Each structure stands twice: as structure tokens, then as C-alpha cells.
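Everything below concerns the one structure shown next.
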Amino acid sequence: MSKVSMVLNGKSVSADVEDRTLLVSFIREVRALTGTHVGCDTSQCGACVILVNGKAVKSCTMLAAQADGAEVVTVEGLASNGALHPVQAAFRENHGLQCGFCTPGMIMSAVDMINRYGAGNLDEDTIRHELEGNICRCTGYHNIVKSIKAASDQMAGMSQAAE
Amino acid sequence: MAVEGIGARALRKEDKRFITGKGQYTDDMVMPGMGFAAFVRSPHAHAKVTSIDSTAALTMPGVDAVLTGDQLVGDGIGNLICGWMIHSKDGSPMNMGGWRALEPEIVRHVGQAVAVVIADTQAQARDAADAVEVEYEELPAVVDSVAALQPGAPQLHPEAAGNLIFDWEIGDEAAVNDAFEKAAHVTRMEISNNRLVPNPMEPRAALASYNDAEEHHTLYTTSQNPHVARLVLSAFYAVAPEHKLRVIAPDVGGGFGSKIYIYPEEMVCLWASKRVGRPVKWVSDRTEAFLTDAHGRDHKSEAELALDADNKIIGFRVKTVANIGAYMSLFSSAVPTYLYATLLSGQYDIPAIHANVKTVYTNTTPVDAYRGAGRPEATYLVERMMETTAREIGLSPAEFRRKNFVRSFPHQTPVIMCYDAGDYDATLDAAMKAADYDGIAARKAEAASRGKLRGIGMSCYIEACGIAPSAAVGSLGAGVGLWESAEVRVNPVGTVEVLTGSHSHGQGHETTFAQLICERFGLDSDSVAIVHGDTDKVQFGMGTYGSRSGAVGMSAIVKALDKVEAKAKKIAAHLMEASEGDIQIEGGELKVAGTDKKLNFSEVALAAYTAHNLPEGMEPGLKEGAFYDPTNFTFPSGTYICEVEVDPETGTTEIVSFVAADDFGKVINPMIVEGQVHGGLVQGIGQALLENAAYDENGQLLTASYMDYTMPRADDVPSFNLSTHETLCPGNPLGMKGCGEAGAIGSPPAVINAITDAIGNNALTMPAAAEKVWSLYQSGSKEAAE
């Protein structure tokens, strides 16, 4: 057993867990945040994507112990004061989800993608290429791509307005 | 909030919980004291189980129990069933072998469960499952359906001699033989339809508990049809009586058919939870899903099309061998028969059709309905034949199809179906225009100048949805009726709850079903809640598959709404001392026509429940139910056109444009309909280009993870150009046809027709992997050069 501590969605948390505990199990089972999903066990599907120290990580591929001391954000931590993150809002407005199972991972990957490229700098080809690590079986990706593009463009508008 | 009724692009009511991580899927459920199940599975495709030794496993940390098939059988748990009886052409009933949820004697596919471990944690259960020692005596295996029919092939079930489950036929063989004798041209093809794995992103899961004081079971499970699950678990498997079993299908992460069936694992959890005296949870890992979720397709066919001198089709002959896997899953027998051969007429007026289907056991995962279920197999066959025939006779593919379109309705085909409405020219015209079909020559030349091969292919599909008229399917062998139920409860404060027997696992019922209520009463959608998926809350219903939730499920809601509206009008007329016929409902108010008298909908609702002043003899309350049994199937149709560019150096195919023009009848929410088409198209394109469940000769599934089975990803597919063209279905009150499967049904032949056009070689099979395309192009070019 090891004691693992991290800042999870802005809150300091710690727990004693078996050494082999995966980060996704820590989040889902120890912390009961079930928005992060397990879809494949082989780091292919991306349903478990979260942000660790600001970067997208497949939480089924990392031990909880490796996240000791890290700042972790899951889909539950994106909205602030009840206001949806622009990526969350864009997924709803563009019908970017159907069954909702891949959605948390898609949204977290999209947030990471926009962070890396800068808001407003994503085109369809880039988004499709960047989504390589996230599988969706329902939407055919059409509206996911549209959602991410819309969020990226909207966030660019927001940051311009703020300047 | 504006009232969003029929036809509105209403945003989804269910989305907020999914985008904030608050969805509640089965694996998210926790019960105090729950244990975890892990299954011990056969590594062999065919073997005798000679011994199971749990001694070591039972000593491991956290392990509660190891249960085997002998205990299951000893507790009187019944075999898994197939619910649709098919008779062979000689009149004999299908030859169904036994299927136990835990097999004590002979395993027949890799991954079949022989024991289950229950332990305190999932990791402990999985560790202990590895420690259960099972001795097997291997038997020879057969994986190919045609090989399984050969003399001397390994035999799976004593009930099915020669592995043949049934040898079935449909249509008039003599009339077809006559047509071929008179034919001016005959096109012949061998066509195979590759085996697929449905792969909803949420793996199957179950959480079962037993209350011994109440003798009551609860099962949370990933089901498309919780009531059918309860019925089958009770009536056939005898796990629990129906009134002592609550089945809840909470948020379900996609199904595509694979979550219709009642599998061994869910049933074992239910049984085990009683036996070990604690709640039991099981969550499939992805490889278990590949090995045990019912697969789809896997047909091998020979087809012949006969034309007269005027290029009119006069006869169609099809012979198909359908691989059903090691056991007969719940609807497996219906898929290669009544869901397949009844669609072989396509959009065409064909006077004589005969199909023979042999369905066989093999040492592979059971095969059942997967998005489209039989109709994709029929459409692929018909549309590959149409395109190929057009090429052979030198007519344009569009021209040849138009020459043979059905244009008067109703149209009785020679294979049971009676098409009720459609306009096939309209969708073909729309698709050709959107795809700039006539401009392809210039685009081919431009691509050639860059060293690329451009090709275009079309597919004019028809399918049958809205399953189904209960008496009709009963006469064809179905063990259940296929009606749907609804209850509309108006609460005393005027909000509305709709209890539906349909189940939503991505289709957006909470939104579209609410639109019916908004339309009818002028309410905003925040006043409406759709309740589904819980057998303790909702009256018996048949669930969601076969694109039936609109045409059948919403029709039931409409019938219940008719009753609610009639009663509300009676109450309003009484309260306002007006004639019932003068009451109009508008904008959430019941008004007396031609006066300024009106009551709010909520005032009428309250009056119904206070019951202080109701018409003489009227029962209090405002709640009505309805069961809707359809009068016919519905027939969505359309044209898909795919344009590809193939790199002759590598064989890589890029889809450069994909156009879909569909007729789904009345569309309730265009946004959701488009989403359904997008998803279906990518599953169909996945089948055509990428996906294949590959077995080796020993029955090992080579593609049992996402590292081996090629799921379509975002950069494999294009964005789509969609349109809808409405002819109303006369068979249901809203005129709906269904849109859930069309994309997966219509797209594979369009893709393959396009690639074969590009490479000039028609021998392509699915999936069109780069190596295969490259080889065919190379051999085609050589042939041309010689």
C-alpha cells in the first residue's frame, strides 16, 4: 500500500491504495468521480482521458502513485461556478455526443488540443488527426469535429474580447 | 423557453449530465458490500472440460466463491434460448443445441465461460480466476461456415447434424428458374459479408443483488430492452420470478444490437448474488467484449441476376451460408432469414426472387443482430449486383437502377414485404446533384494528373424498420410480439411524465419524445420528463432495436396523448361550460374557440386531480396508457454516393466525398436524425474499409482488442453531406420510418462500388485494406496490359 496525495479538481485529496492501483481506479473507485470511463484497457479508446498537470493523459495507463503530488482535472472539474466550459457547451450545441460514454474523454482531449494549439488555431484536418487517441462509436465524429472547432473559435473570440 | 415541437432542432435534454461527467452507467453503480465477478474462460475453440480445480483460487485473498456449471445446472438454471423459430424448407424445426451460462462439459468457442470467481475487489477476482485450474481435452475446431458444412467437419452439437441449423428458403424457385431460362443477360457474383464486432464504447456490465427477506432480485445491466431481459431471465432461465425481479438499464453507452441479448454473464451475476449472499458486479473488459458480445454479419453468398433484352430485371437467385457461431443467440435465427432475404428486392421491381439460406454452427462467438441486422447483408448483395450488372451491360449505374425502380405503391415484392411509400427517384436525384455525379470524369482526369485513381460508387438502399406487426412476426416464428407501450402521466401541477417501453442508449429519446408532448400541449420541454429503462417504474415494453423507437415507440406515445387530450378537453369544456368540440389547445392553454375563455393546461390538470368538479361519472386523474402494434414494417430508403481516391502506390483509400440522401418519413428532430446517419455511415464505412473479426484456423480470435481490430477513427472518415426527402409512412400516426440503421445499411456497397470503379477490378472484398486494394489494382493493370 502507498499513500497517494494529489489536487483533484482543485481539492487536496489523499488515500492509501494498493501499489498497482491505476489512476483511473483511484478517480472512479476511491474518489467516486465516475465521469472518467474505462472503455478498452489498452490505452486505445481515450474514454479515460484527464488532465495531469495540464496535459492530457490516459488515466488507465498511469498508476495512481505516479500522480502523487500532481494537479489532476477530470470532466467533473471543468465547469466553474456552474458555468459549462466552452468545450462542454459546444458539444451540447453541436450534438457532439450520443450515448455519452466517450464524451468525457473527448472533451478532455479537446481542452488539451485547444490549449496546445491556441484557441482559434484548429482546422478540421488537425482536429481529426489529433483525435487519433479517442474512439467514438456513435457520432461518426462529424459533430465532434464540429464541436471542437466551434469551441476553439469561440474561445478565440472570448480571449480577443478580453484583451 | 420556446416550445420545441415536431421538426425542431431541439438541443438534447440528456446532454448536461453526460458533458459534466454525471451520467450513471452500470459500472458507476455501487452497492454496500458488493463483490466482483471474474469469469474463467476457455482458451480453446472446442474442447472437453475434464476437470475444474478451484482449490488454489479459493485460498487467495478476498475470494468468496468459485462457481461452476454443475452448480448452475444443479440450481435449475435453464439454458440460454433463441427466441425465433425458423423451419427448414422441408418443414422441420431448426436444430438448436443447448447453451449453458457456465459450461460444464464441452466448450465451443474461445472465451466461453466455465466458472466464475466472486471476490472483494475486481483485481482479486481476476487474479483468482487466473488461478482456477481447468483441464481441457482439445477437439478439432471449425471456424468457416462453408467448411463447417463439409462432410467430416468437426461437429459442434448433437442436435445439429452436419452443423446445419436450418436450410431455409423464400420465394418462388420455379418462377426464378423460368426467368433465367428466358434471360438475355445474367450477372453472377460471389459475395461475402465480413464478420464485425459491434463495439459499443461502454462494455457490458451487470450489478445484481438479492434481498432474502423479500426474496427479491435487482439487476442493473447494460440492456437495450430491460423488460425483455426480465421476461427471459424469469420465464426461460428461471433465475427469479418476474414479479420478484427488477431490471434496470440506466444510462447505457451504446448498443448497436449487441445489448439486446441476455448473455451468460448478466444471468450468472443474478444467480451468484443470491448464492453468495452479496451484491455482485461484473464489468467486461474489452477483450472479453470481443470474445463474448454477439458478433454481426458473416455471410457467404452466390447471387445471380437475370435481365431481359430491355435490361429489366426478371429474376434474382441467391444462395447464402450464414455463420451463427457456436450457439444460437436470442434473435440469431431471424437475422439471416426474415430480416435479410425479405429485403432482396431492394428498390426494384423484380417479379421473381428465390433465396436459400443455410445457417450453420462454427467454433466462433455467437452472431446476432448488429446495426442493420440482415438488411446490410441484403443491401450489400443487391447493390454490388446492381453496380456490377450496370458495368457489364454498359449502362450507367444510375440509369440501370432507374430502369428498375419501383414507382407505384403499395408494391408487393415476391419476398413477403409490401412497400407502402417511397420516391426512389427523388433521393437518387438529390444524391447525384449533391455529389456532382455527372462531373466525375473531370475529377478522375484531375486525380490521374496527380497519379491518383478516382472512383465513384452508389448504393440505393431500402430497409425495413418499425419492427413489427405482432401477428405477422408471430406467423414467421417470433416468440414475442413487437408492439410498444407508453403511459402519459400529467401531474397535478401540469408537468408531464412519459413512461416508455423504448430504451435510449444514445438515441436522444429524452429530447425527441418530449417534443411530441411539447407539440401537442404547447408546453416547454422543461415541463416534460421521459422515464425509461426500469421495470419497476415502466409498464412492460419491448425496447429499442430495429429503428423501432420512433415508428413504434412514439406511435404508442401519440395514442396515449390522444386519450389524455380527449380527457383534458372534456374537463376543460365542463369547467368553462362549453361544448367539448369547441375546445382548442394552444400554447399551453385550453381555449373555447371564438371566445376569450381559457384555462391553463396546469389548471385542467389540477382539476383532474382535485376532482371537485368533474363531468358526471368521470374518473379522477389525468393519466393514460396505450399499446401500439404496427400494421406494417416501415421502409426507409435513400441513395448514398461515395467518391474515393486510391493511391496506386500503396493501395490506400481516401474517401473524398460522401453524400447521403435519405427518406425517413416524418423527422421529429433533424439534428438527432443527422447524428444517427453520421454514426451509421461510419460503422458502414468501417465495415467496408477497416473492420474484420479475423479468426485463425484453430478458432483463436486474432482481432480481440483495439490494437488489432480496426475501429474507424476521426481521421479515417470524412465529414458528410446529408439531406432528407420525406414521403410519409402511411402505417403510423406520425408518418415516421426510422433512421437508426440506414447509414450502416446503405454505405458499404457505395464504398466498395467506388473503389472497384477506381481500380478497375471488381473482385474486391470487405474490408478494403490497402494491401488488398493494391494487389487487385496491380493484377487488374497487368490483365489490362496483357
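The values are calculated or read from the model by the stated rules, or taken from the named source; none is laboratory data. Note that this is a predicted model, so its numbers are computed, not measured. Because the Cβ atoms are built from the backbone with ideal geometry, glycine has one as well, and the counts that use them run over all protein chains shown. Accessible surface is based on the protein model in full, side chains and every heavy atom, while ligands, DNA and RNA are left aside. Shrake-Rupley method; radii C 1.70, N 1.55, O 1.52, S 1.80 Å.
For this structure, a couple of remarks:
- Selection status of B:Gly738, in a loop (DSSP other than H, G, I, E, B) and crowded, with 17+ Cβ neighbours inside 10 Å: yes
- In region B:199-212, the qualifying residues are those that are of a type outside the set (Ser, Thr, Tyr) and more than 8 Å from chain A (Cβ to nearest Cβ), and the one that is surrounded by the fewest Cβ atoms within 10 Å (Cβ to Cβ) is B:Asp212.
- Complete set of residues in region B:655-681 that are more than 13 Å from chain A (Cβ to nearest Cβ) and open to solvent by less than 10 Å² (accessible area, probe 1.4 Å): B:Val659, B:Ala661, B:Asp662, B:Asp663, B:Phe664, B:Gly665, B:Ile668
- Of the helices (runs of 4 or more DSSP H) that lie entirely inside region B:351-469, those containing 3 or more residues that are closer than 21 Å to B:Val318 by Cα span B:375-393, B:397-404.
- Contacts under 6 angstrom Cβ, first residue in region B:88-107 being within 16 Å of B:His44 (Cβ to Cβ), partner open to solvent by 30 Å² or more (accessible area, probe 1.4 Å), 6 or more apart: B:Pro104/B:Asp70; B:Ile106/B:Lys48
- The residue that is most open to solvent (accessible area, probe 1.4 Å), among those in region B:149-182 that are under 25 Å from B:Phe290 (Cβ atoms) and in contact with a Leu (Cβ under 8 Å, 6 or more places away or on another chain), is B:Pro154.
- Annotation: of all residues in region B:278-304 being more than 14 Å from every other protein chain (Cβ to nearest Cβ) and small (Gly, Ala, Ser), the one that is surrounded by the fewest Cβ atoms within 10 Å (Cβ to Cβ) is B:Ala303.
- Residue check for B:Glu4: modelled with pLDDT under 95 and either closer than 30 Å to B:Val321 by Cα or open to solvent by 10 Å² or more (accessible area, probe 1.4 Å) (or both): yes
- Candidate set from region A:1-33 (those that are among the β-branched types (Val, Ile, Thr) and open to solvent by 40 Å² or more (accessible area, probe 1.4 Å)); member that is nearest to the other protein chains (Cβ to nearest Cβ): A:Val30
- The one condition in (1) over 30 Å from B:Ala472 (Cβ atoms); (2) within 14 Å of another protein chain (Cβ to nearest Cβ) that B:Gly533 fails to fulfil: (1)
- The condition (being among the aliphatic types (A, V, I, L, M) and either open to solvent by less than 10 Å² (accessible area, probe 1.4 Å) or closer than 24 Å to B:Ala468 by Cβ (or both)) is satisfied by just one residue among B:Ala442, B:Ala431: B:Ala431.
- Filtered residues of region B:183-198 (kept if part of a strand (DSSP E or B), of a type in the set (A, V, I, L, M) and crowded, with 20+ Cβ neighbours inside 10 Å): B:Ile191, B:Leu196
Yes/no per residue for (1) facing chain A (nearest Cβ under 9 Å); (2) hydrophobic (A, V, I, L, M, F, W, C); (3) assigned to a helix (DSSP H, G or I):
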residue: B:Glu4; (1), (2), (3): no, no, no
residue: B:Arg12; (1), (2), (3): yes, no, no
residue: B:Lys16; (1), (2), (3): yes, no, yes
residue: B:Asp27; (1), (2), (3): yes, no, yes
residue: B:Val30; (1), (2), (3): yes, yes, no
residue: B:His44; (1), (2), (3): no, no, no
residue: B:Ala57; (1), (2), (3): no, yes, yes
residue: B:Leu67; (1), (2), (3): no, yes, no
residue: B:Val73; (1), (2), (3): no, yes, yes
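- Only residues that are without any contact (Cβ under 8 Å) to a residue 12 or more places away in the chain and touching a His at 6+ places or on another chain (Cβ under 9 Å) were counted across region B:456-494, and they come to 0.
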